[in-house]
Structures are given as C-alpha cells and as structure tokens.
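Peer 1: The structure follows.
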C-alpha cells in the first residue's frame, strides 16, 4: 500500500492506495504548527479507523505548497513508516513537458493534476482546481503544460466579504434558488456562486480560444461541486484527481509493485 498526501494552504488530503485502487481518503486542516509526531499520530489514528496496519504502508508520496508542512511530513514519513517520501518537485519523473517561462514556478499540485488529467481523460485539457486559490491548467494536444490562471478561491472571497463589510454576514456556500436575491443572505450567495460560475466559464472560454481547440474541462478541489453543478463549461468532476496523480507519478518513478 502507498500513502499519498496533497498538502494545500487550507486542507490536506490523504489517500491510501493498494495498487491502482483508492481504498480510502480523508481531509484534515493544514496546520503549520503541527510537529512530525503530531502528524504521525494523526495518520496512524486514521489508518487504525480503517483497519489498516501502519506496517502495510510501503511508500509515501507527497505534494505540498506549504514548505514548513512539507518538512514535517517528510520527517513523519521516515519516523513512522521507515521510508523516504517521494516529494513532487524538480528531479521527479512526471512525463510532463512544462512550457512555463520558469517551470520551477509551477506548483506541485498543478503538475500532479495535469499528469492525472492526461492519463485519465487525455489531452487537450483544462483543469480547474477549486481550493484556497482557484487555478486553471491548460494542456495542449501534445500533452504539454502550457500555463494557466490563478485567482482567489471562492472561500477566500466569501471570507473577505464578511471581514471587510461590517453589515454583511458569513453565509453557506450554496446556490440560492434564484439569481435575484430577496434577502441579504441569498443576495450574497447569488453573487458568490453564480458570479464565480460565470467568471469560471468565461475564463474557460478565453483559454479555449487561445488554445485553438475544444479541450475537455475537468474540475477538482473541495469546492468543485458547488461551482461545477451550475457551470456550462465544466464537463467532469473528479474530487480525487490530485490523489490519482500522486499514484501515477509514483508508478512512473518506481513501477506499480
């Protein structure tokens, strides 16, 4: 079995694979202050709750955009599982040509998503990841990573509105029945959900025009269902796309045994 971990700015997603099968996964908050031992005990508790023995974990694969947490998880991997983690970054075989001006600037999560998207859906592709930031990744017909776009995520926008506007409440991130809100809560929800949906659809159209093709559009990330349900452009929702990418990259580097 292999343990895969995707560390984002807000949430960390864990998955356990046996071969190509995802046995289980979970989400925990990303905490820069957790020690390696705290991470180890947390993951052991997770494994125990699924009746998985720690000794069955033969490899650890890590994608992270939070350097302090990367170091903590790496130490945890060595201490609790006795393995050197495969950390996604320069030098790791991905099979993905990156046409960014500086390929090292591309976040590990975006690389992992692109690899998974190519293997599962085939190019050309646009992958939209709804996390702390909403990111767009463009992959051409040759399977080359072209670049993309980044803007503040839906949750960040909602929280900023609550914090900066004294009389506006914090709301649930769900679509109201109508676009024209009849109360403050529904009006905020309409602006956030439908406004973001049209923003996403519009950017997908612009990216598609620059790609000179009709790419498949795949959504992933914690808030993907909220937006994709109302989108005209998103075709597929894959909430575990990043975990699949981590598994695929492990296999590219070490085989699937």
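Peer 1: Could you tell me which numbered condition residue 173 fails, if it satisfies all but one of (1) outside any loop (DSSP other than H, G, I, E, B); (2) closer than 18 Å to residue 11 by Cα?
Peer 2: (1)
Peer 1: Follow-up question, since we're still on this one. Within segment 197-233, restricting attention to residues that are at pLDDT below 95 and not in a loop (DSSP other than H, G, I, E, B), which residue is nearest to the chain's Cα centre (by Cα)?
Peer 2: Of everything passing the filter in segment 197-233, 224 is nearest to the chain's Cα centre (by Cα).
Peer 1: Can you go through 217, 226, 200 and tell me which one is surrounded by 18 or more Cβ atoms within 10 Å (Cβ to Cβ), over 26 Å from residue 100 (Cβ atoms) and touching a helix residue (DSSP H, G or I) at 6+ places or on another chain (Cβ under 7 Å)?
Peer 2: 226
Peer 1: If I filter segment 126-133 for residues that are over 23 Å from residue 192 (Cβ atoms) and modelled with pLDDT of 95 or more, do I get at least one hit?
Peer 2: No, there is no match, as no residue in segment 126-133 is over 23 Å from residue 192 (Cβ atoms) and modelled with pLDDT of 95 or more.
Peer 1: Filter segment 176-189 down to the residues that are assigned to a loop (DSSP other than H, G, I, E, B) and out of contact with any helix residue (DSSP H, G or I) (no Cβ under 9 Å at 6 or more places or on another chain), then identify the one that is surrounded by the most Cβ atoms within 10 Å (Cβ to Cβ).
Peer 2: 182
Peer 1: A further question follows. Restricting attention to segment 96-123, and to residues there that are over 19 Å from residue 14 (Cα atoms) and in contact with a helix residue (DSSP H, G or I) (Cβ under 6 Å, 6 or more places away or on another chain), which single residue is surrounded by the most Cβ atoms within 10 Å (Cβ to Cβ)?
Peer 2: 96
Peer 1: Out of all the residues in segment 24-37, is one or more modelled with pLDDT of 95 or more, farther than 29 Å from residue 104 by Cα and assigned to a helix (DSSP H, G or I)?
Peer 2: For segment 24-37, residues modelled with pLDDT of 95 or more, farther than 29 Å from residue 104 by Cα and assigned to a helix (DSSP H, G or I): present.
Peer 1: Here's a follow-up. I'd like the full set of residues that are more than 19 Å from residue 107 (Cα to Cα) and in a loop (DSSP other than H, G, I, E, B), limited to segment 239-257.
Peer 2: Within segment 239-257, 255, 256, 257 meet the criteria.
Peer 1: Quickly run through segment 119-149 and pick out the residues that are closer than 18 Å to residue 4 by Cβ and touching a strand residue (DSSP E or B) at 6+ places or on another chain (Cβ under 7 Å).
Peer 2: Residues satisfying the conditions are 127, 129.
Peer 1: Now a separate question. With the checklist (1) free of Cβ contacts under 8 Å to residues at least 24 places away in the same chain; (2) surrounded by 13 or more Cβ atoms within 10 Å (Cβ to Cβ) in hand, flag the one item residue 155 doesn't pass.
Peer 2: With (1) free of Cβ contacts under 8 Å to residues at least 24 places away in the same chain; (2) surrounded by 13 or more Cβ atoms within 10 Å (Cβ to Cβ) applied to residue 155, the lone miss is (1).
Peer 1: With (1) buried (at least 18 other Cβ atoms within 10 Å of the Cβ); (2) in contact (Cβ under 8 Å) with a residue 40 or more places away in the chain; (3) in contact with a helix residue (DSSP H, G or I) (Cβ under 9 Å, 6 or more places away or on another chain) as the list, and residue 85 as the residue in question, which single condition is left unmet?
Peer 2: (2)
Peer 1: How many residues does segment 22-41 contain that are surrounded by 17 or more Cβ atoms within 10 Å (Cβ to Cβ) and over 14 Å from the mean Cα position of the chain (by Cα)?
Peer 2: 4
Peer 1: Take segment 68-80 and flag every residue that is in contact with a helix residue (DSSP H, G or I) (Cβ under 7 Å, 6 or more places away or on another chain) and closer than 17 Å to residue 6 by Cβ.
Peer 2: 72, 73, 76 - these are the residues of segment 68-80 that are in contact with a helix residue (DSSP H, G or I) (Cβ under 7 Å, 6 or more places away or on another chain) and closer than 17 Å to residue 6 by Cβ.
Okay, residues lined up against (1) in the same structural domain as residue 159 (by TED's automatic domain parsing); (2) over 22 Å from residue 89 (Cβ atoms); (3) touching a helix residue (DSSP H, G or I) at 6+ places or on another chain (Cβ under 7 Å); (4) touching a residue at least 12 places away in the same chain (Cβ under 8 Å):
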residue	(1), (2), (3), (4)
6	no, no, yes, yes
9	no, no, no, yes
17	no, no, yes, yes
21	no, yes, no, no
34	no, no, yes, yes
38	no, yes, no, no
45	no, yes, no, no
49	no, yes, no, no
53	no, yes, no, no
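Peer 1: Quick one: is residue 91 surrounded by fewer than 21 Cβ atoms within 10 Å (Cβ to Cβ) and farther than 25 Å from residue 238 by Cβ?
Peer 2: Judged against the criteria, residue 91 is a match.
The values are calculated or read from the model by the stated rules, or taken from the named source; none is laboratory data. Since we're looking at a predicted model, the values are computed, not measured. Positions of Cβ are generated from backbone atoms using ideal geometry, with glycine treated the same way; all protein chains shown enter the neighbour counts.
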